[in-house]
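The values are calculated or read from the model by the stated rules, or taken from the named source; none is laboratory data. Since we're looking at a predicted model, the values are computed, not measured. Virtual Cβ from ideal backbone geometry, glycine too; neighbours counted across all protein chains shown.
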Protein chains: 2
Amino acid sequence: MKVFPNIKVAVDAVVFGYKAKELSVLLIKRGVQPYKDSWALPGGLVLENESLEQAVERELQEETGVTIDYLEQLYSFGKPGRDPRNRVISITYFGLVSPNHFKLQADTDAADVKWFSINELPDLAFDHDKILNMAKSRLQSKLTYQPIGFELLNTEFPFSDLEHLYQTILNQKIDRRNFRKKILSFEILTETDKIYKPESGRPAKLFRFNQQKYKELQENGFHFEIKFA
Amino acid sequence: MKVFPNIKVAVDAVVFGYKAKELSVLLIKRGVQPYKDSWALPGGLVLENESLEQAVERELQEETGVTIDYLEQLYSFGKPGRDPRNRVISITYFGLVSPNHFKLQADTDAADVKWFSINELPDLAFDHDKILNMAKSRLQSKLTYQPIGFELLNTEFPFSDLEHLYQTILNQKIDRRNFRKKILSFEILTETDKIYKPESGRPAKLFRFNQQKYKELQENGFHFEIKFA
DNA sequence: ACAAAAGTGTTCGGGTTACACCCATGG
DNA sequence: CCATGGGTGTAACCCGAACACTTTTGT
């Protein structure tokens with residue numbers, strides 16, 4: 001006879017932000033057992049009448065106050081024993097947040113909330129390090145074949161922001177001239193008439209990602225792709 | 001106060017097979033309500049102490065008798081109402097089966113099991129058509145950047161099998177010369193000294209996918225990729 | 001000898017890569 | 001005038017795309 005299953009369903013989110021040429025991840029400090037006082041990904045149990053996406057957005061709102069700009073499903077983790085108490089299946093999501101929505105506020109279950117640089121991560125609860133690594137890989141590969149980098153920038157940005165973002169996340173140097181040529185050739189950027197004044201150096205034009213145009217191109221078989229050595 | 005959730009966790013699998021220049025999907029006829037007598041993806045509830053992968057393999061074994069050659073997670077579906085009775089989250093998998101393992105046997109919950117050509121699908125239970133479509137897209141795109149086509153062929157195969165497989169699944173003509181050149185240049189195929197005799201026409205050498213070699217190349221930064229017009 | 005599928009090379013063009021100097025601004 | 005980052009063009013090379021005839025076997 002089969003054992004009657006009592007499995008719980010949770011969602012967890014790996015949310016990335018980019019600021020000051022650093023890639024950061026949103027973590028909460030757990031206020032309850034198990035792993036009390038450990039850092040963990042925001043998330044929690046799915047309620048009876050909400051979709052998985054709603055659950056993620058609700059938990060993010062409750063635990064961190066962050067508004068998400070881009071969200072997609074990452075992977076589902078369900079190995080017995082990944083939660084020391086019950087059997088919990090976690091459906092994980094991958095999110096991006098623009099610098100505007102970078103503000104934080106701890107709330108309900110979370111004792112504390114913080115952005116951590118990807119290079120200075122604390123130990124994480126459960127199997128969250130595994131989830132985080134998977135999310136990072138996904139971000140890196142996705143960056144090369146979908147224009148999602150813009151979700152991590154302000155609506156209007158100098159070209160160099162994009163350049164630095166790619167270099168930071170992919171962790172390699174790229175040729176400025178070729179990169180600019182390539183991206184501009186896609187014609188998915190609109191040049192605004194605004195000017196950005198850096199702390200030092202020559203002012204730069206501001207660009208804006210043209211979602212509309214991208215969709216049109218995409219429907220005509222266009223495929224965003226950036227390659228690197 | 002939050003509603004105490006009673007959510008069930010299931011797995012479902014979209015299993016592809018390739019035979020006689022046709023792409024097929026493994027379906028079962030449901031023997032129980034809801035959707036009794038409808039065709040559906042093989043799958044079922046996850047038991048208390050098995051992993052998700054184990055659950056998929058067990059269900060496939062129970063319901064179809066098929067042995068799977070390649071399995072990966074596809075996506076998780078959890079919208080309330082997708083199952084008319086309870087709230088069920090389904091973690092879906094994507095599987096490939098070589099022609100050797102093409103035999104079938106109905107069993108437990110399944111009244112009947114059958115391979116359906118991808119072009120002659122019946123109506124499916126639940127949201128299984130959506131799942132199937134997603135799996136098909138995944139197969140198509142994955143074929144272009146990972147050497148998974150081999151999982152659908154015999155261990156030793158004439159080159160033209162691979163060619164036909166790509167044409168069938170991607171639904172487009174490809175140039176034989178360029179395709180062969182490209183694949184051979186990867187050096188992930190081993191030429192055997194066996195010969196395949198087609199029903200008519202000139203005999204062909206048999207090749208074998210060299211998993212070992214592929215892994216080595218991959219570790220050295222090699223990236224399998226096939227592009228099409 | 002005919003039908004059917006296997007096997008094979010070359011040319012052309014476009015895109016990617018490599019590479020360095022001048023410009024605008026603030027201090 | 002100096003430091004800092006923004007903005008720009010060209011030549012070489014490589015890879016992908018297009019393209020057709022010969023070979024081997026069975027009937």
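Starting from the stretch B:177-189, keep only residues that are farther than 13 Å from B:Phe209 by Cα and hydrophobic (A, V, I, L, M, F, W, C), then list their pairs with residues that are near DNA strand C (Cβ under 6 Å from one of its atoms) and not in a helix (DSSP H, G or I) whose Cβ atoms are within a distance under 8 Å, requiring at least 6 positions of separation or different chains.
none
Residues checked against (1) farther than 21 Å from B:Ile7 by Cα; (2) hydrophobic (A, V, I, L, M, F, W, C); (3) under 12 Å from the mean Cα position of the chain (by Cα):
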| residue | (1), (2), (3) |
| --- | --- |
| A:Val15 | yes, yes, yes |
| A:Ile28 | yes, yes, no |
| A:Gly65 | yes, no, no |
| A:Ser76 | no, no, no |
| A:Val88 | no, yes, no |
| A:Ile91 | no, yes, no |
| A:Lys114 | yes, no, no |
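Can you find a residue that is polar (S, T, N, Q) and free of Cβ contacts under 8 Å to residues at least 24 places away in the same chain anywhere in the stretch A:75-95? Let's see the steps before the verdict.
Let us first name the residues in the stretch A:75-95 that are polar (S, T, N, Q), namely A:76, A:86, A:90, A:92.
Now narrow it down to the ones that are free of Cβ contacts under 8 Å to residues at least 24 places away in the same chain: A:76.
Yes - at least one qualifying residue is present in the stretch A:75-95.
For the stretch B:59-77, what are the residues that are out of contact with any helix residue (DSSP H, G or I) (no Cβ under 8 Å at 6 or more places or on another chain) and surrounded by 24 or more Cβ atoms within 10 Å (Cβ to Cβ)? So that I can check it myself, show each step before the final result.
Within the stretch B:59-77, the first condition is being out of contact with any helix residue (DSSP H, G or I) (no Cβ under 8 Å at 6 or more places or on another chain), and the residues that meet it are B:59-65, B:72.
Those that are out of contact with any helix residue (DSSP H, G or I) (no Cβ under 8 Å at 6 or more places or on another chain) and surrounded by 24 or more Cβ atoms within 10 Å (Cβ to Cβ): B:Glu59, B:Leu60, B:Glu63, B:Thr64.
Please specify each residue of the stretch A:171-194 satisfying the condition of being more than 8 Å from DNA strand D (Cβ to nearest atom) and under 23 Å from A:Ala20 (Cβ atoms).
Hits for the stretch A:171-194 are A:Asn171, A:Gln172, A:Lys173, A:Ile174, A:Phe179, A:Ile183, A:Leu189, A:Thr192, A:Lys194.
For the stretch A:218-228, indicate whether the set of residues that are within 11 Å of DNA strand D (Cβ to nearest atom), surrounded by fewer than 16 Cβ atoms within 10 Å (Cβ to Cβ) and within 14 Å of chain B (Cβ to nearest Cβ) is non-empty. Lay out the reasoning, then the answer.
Taking the stretch A:218-228 and keeping what is within 11 Å of DNA strand D (Cβ to nearest atom), we get A:227.
Imposing the further condition that a residue be surrounded by fewer than 16 Cβ atoms within 10 Å (Cβ to Cβ) reduces the set to A:227.
Filter once more, so that each one left must be within 14 Å of chain B (Cβ to nearest Cβ): A:227.
Yes, because at least one residue in the stretch A:218-228 is within 11 Å of DNA strand D (Cβ to nearest atom), surrounded by fewer than 16 Cβ atoms within 10 Å (Cβ to Cβ) and within 14 Å of chain B (Cβ to nearest Cβ).
Of all residues in the stretch A:193-211, which are within 16 Å of DNA strand C (Cβ to nearest atom) and not small (Gly, Ala, Ser)?
If the condition is that a residue be within 16 Å of DNA strand C (Cβ to nearest atom) and not small (Gly, Ala, Ser), then A:Asp193, A:Lys194, A:Ile195, A:Tyr196, A:Lys197, A:Pro198, A:Glu199, A:Arg202, A:Pro203, A:Lys205, A:Leu206 are the ones that fit.
Do any helices (runs of 4 or more DSSP H) lying entirely in the stretch A:102-214 carry at least 2 residues that are more than 30 Å from A:Val11 (Cα to Cα), not hydrophobic (A, V, I, L, M, F, W, C) and not assigned by TED's automatic domain parsing to the domain that holds A:Ile28, and which ones are they?
A:159-170, A:176-186
Please work out which residue is farthest from the other protein chains (Cβ to nearest Cβ), limiting yourself to the stretch A:195-217 and to residues that are within 12 Å of DNA strand D (Cβ to nearest atom) and within 25 Å of the chain's Cα centre (by Cα).
Here is the first cut: in the stretch A:195-217, the residues within 12 Å of DNA strand D (Cβ to nearest atom) are A:195-207.
Then drop every residue that is not within 25 Å of the chain's Cα centre (by Cα), which leaves A:206-207.
On the way: A:Leu206: 34, A:Phe207: 29 Å.
Of everything passing the filter in the stretch A:195-217, A:Leu206 is farthest from the other protein chains (Cβ to nearest Cβ).
Among the residues of the stretch A:78-91, is any away from chain B (no Cβ under 12 Å) and either assigned to a helix (DSSP H, G or I) or in contact with a helix residue (DSSP H, G or I) (Cβ under 9 Å, 6 or more places away or on another chain) (or both)?
Within the stretch A:78-91, none of the residues are away from chain B (no Cβ under 12 Å) and either assigned to a helix (DSSP H, G or I) or in contact with a helix residue (DSSP H, G or I) (Cβ under 9 Å, 6 or more places away or on another chain) (or both).
Charged (D, E, K, R) and under 23 Å from B:Lys227 (Cβ atoms): is that true of A:Glu219 in this structure?
Yes; evaluated as a whole, the condition is true for this residue.
Answer yes or no: is there a residue in the stretch A:105-120 that is among the aromatic types (Phe, Trp, Tyr) and within 16 Å of DNA strand D (Cβ to nearest atom).
Looking through the stretch A:105-120, none of the residues is among the aromatic types (Phe, Trp, Tyr) and within 16 Å of DNA strand D (Cβ to nearest atom).
Here is a list of conditions, (1) over 22 Å from the mean Cα position of the chain (by Cα); (2) buried (at least 16 other Cβ atoms within 10 Å of the Cβ), and B:Phe157 meets all of them except one; can you say which number that is?
Of everything listed in (1) over 22 Å from the mean Cα position of the chain (by Cα); (2) buried (at least 16 other Cβ atoms within 10 Å of the Cβ), B:Phe157 misses just condition (1).
When you go through A:Ser137, A:Ser90 one by one, which is the residue that is at pLDDT 95 or above and buried (at least 16 other Cβ atoms within 10 Å of the Cβ)? It would help to see each step written out before you state the result.
Details: A:Ser137 fails: buried (at least 16 other Cβ atoms within 10 Å of the Cβ).
After applying the criteria, what remains is A:Ser90.
For the stretch A:160-177, which residues satisfy the criterion of being surrounded by 12 or more Cβ atoms within 10 Å (Cβ to Cβ) and near DNA strand C (Cβ under 10 Å from one of its atoms)?
Result: A:Ile174, A:Asp175, A:Arg176.
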